[in-house]
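This report concerns only the one structure given below.
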């Protein structure tokens, strides 16, 4: 199983007064990582909303190994850890562009909920697509 | 007419790699300024939403005079410039805590829209409260 | 040992199109929580920087139990979990204003580094103040 | 003279509880627009910093014509309005991906400053590259 890769360019808005990327901003890039992984498997937001469910984040973990700086290109590598009845988990690694050093690693866990916020089963077609490659 | 004041403490999340507050973040503080000015005049979000209208920003302008830094307390001073039939304008000044130097000044213009996004008249009770002091 | 409390008011900038607070924004509020806890113990940023060291985040974890919405006041409760030779850990709980329901809980781990980014011992005066109450 | 185009995909982090892109976030995309325009003309951040100067934003204006929503691709079109002795101005238009409707338009003005924050002349090689096409 290979990870899905999407690249990000660091701008001033992402950095802080320590001169490096502010830690919480990597967690926004996790969102880009999983969104593009799902799109690559045929699941865009426009495919989920009409089905009446959402995948809110229930847990996030992030380990910062090395800092990133202004104008660097970062590679966000995303994989699906598991797909259960009503939840799923993504893992992330963020590397420099040339993939020579790992900067950040982490995960997010998501519940499957209906529009009222109640936990429900993941729809079968979605599960199949998510499990295709992993 | 005096301006409404609300204080903000700068955190790392607000700063960038130049070592100062990132310019777009002042515009979030404009939101705090006008929200608290309106609350002081008896208009909270909870009073607006049930009436079925919103006040989206249609224009923003910001002039940066001096930089702000980590951990400084800033005073956001907000006034109402005008209240028209279907729009209103707020002006802002952001000073250091002791009000010795003006750091930023700007304005936002807002349309009054219904839940479908169409421009509508500002409800009379709202207009009265907004015009009370200015 | 009691937690240090600081209150936050949710603005539009904090929310997302699900109508709730965007998950990564709680992690910015963790920064406010630990900064104010440290200030209450006599350690402001201005006390740390001249000593030539920093406390970058090395790990963050966040568990989302219940959503928060626009204009709600949230109570960020921060405690110090441990203070070691060259690292420390804060734990956080975010509740509604009346402390009737816990919305979010999490932690951050920090390394103590010099200006060159190398891990160093936490200065003794700092350790003493951090350990005072916990 | 044609505008420089760079595309952005809207994620949850960019939206707010009105269900649309939060107004201040377009101003971050202005940063991406001008950074990529400058890179296309041979001026990356790594080319500016060693010369000992910076281009902080001194004014920003933004007019919101139509809202943008989750997962839409937006085209940020950037042009250079003018390059003076010690300042320059960029103008921006943000359209939908197919360029059928203009959503946002605005500008930023920048001063040229040295590392101490004093206004200085724009270095000649920079001026030449910036004026090449406009």
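Quick notes on this structure:
- log10 of Debye I(q)/I(0), alpha-carbon scatterers only, for chain A at 0.21 Å⁻¹: -1.20
- Among chain B residues, the beta-carbon with the smallest distance to the axis carrying B onto A is reported, with distance in whole Å, as B:16, 3.
- Per residue of C:3-12, other chain Cβ atoms within 10 Å of the residue Cβ number 3 on average.
- Semi-axis lengths (Å, descending) of the ellipsoid that matches the C-alpha gyration tensor of the stretch D:66-131: 32, 13, 9
- Acute angle (nearest 10 degrees) that the helix B:25-40 long axis makes with the longest principal axis of chain B, alpha-carbon atoms: 50
- Each other copy places its own label point for residue C:73 at 1.8, 4.7, 4.9 nm from this one, sorted shortest first, where the point lies 7 Å along the Cα-to-beta carbon line.
- Normalised contact order of the stretch C:4-131, rounded percent, pairs of Cα under 8 Å and 6 or more residues apart: 29
- Rg/Rh for the stretch A:1-43, where both radii come from Cα atoms and Rh is the Kirkwood radius: 1.09
- Modelled FRET efficiency - R0 45 Å, residue D:84 with residue A:100, Cβ distances, 0.05 increments: 0.60
- Position residue A:56, label points 7 Å along Cα→Cβ, spacing to each other copy in nm (shortest first, one decimal): 2.5, 3.3, 4.0
- Taking the label point 7 Å along Cα→Cβ, residue D:114 and its counterparts in the other copies are spaced 3.0, 6.1, 6.8 nm apart, in ascending order.
- Peptide A:63-71 has a mean shielding of 4, counted as Cβ atoms of other protein chains within 10 Å of each residue's Cβ.
- In the protein assembly as shown, the inverse of the mean reciprocal separation of distinct Cα atoms equals 24.6 Å; this is its Kirkwood hydrodynamic radius.
- In chain A, the DSSP-assigned H stretches of four residues or longer account for a calculated mean residue ellipticity at 222 nm of -6000 deg cm²/dmol, using -39500 (n - 2.57) per stretch and the full residue count as denominator.
- For peptide B:47-60, the mean count of partner chain Cβ atoms within 10 Å of a residue's Cβ comes to 3.
- Part-to-part distance (alpha-carbon centres) for the stretch C:80-134 and the stretch D:36-54, which is given in Å: 38
Every read-out reported here was derived from the displayed coordinates using simple, explicitly stated rules and does not represent laboratory data. Since this is a predicted model, take the numbers as computed values, not measurements. When we count neighbours, we look across all protein chains shown, and the Cβ atoms used for this are built from the backbone with ideal geometry, even at glycine.
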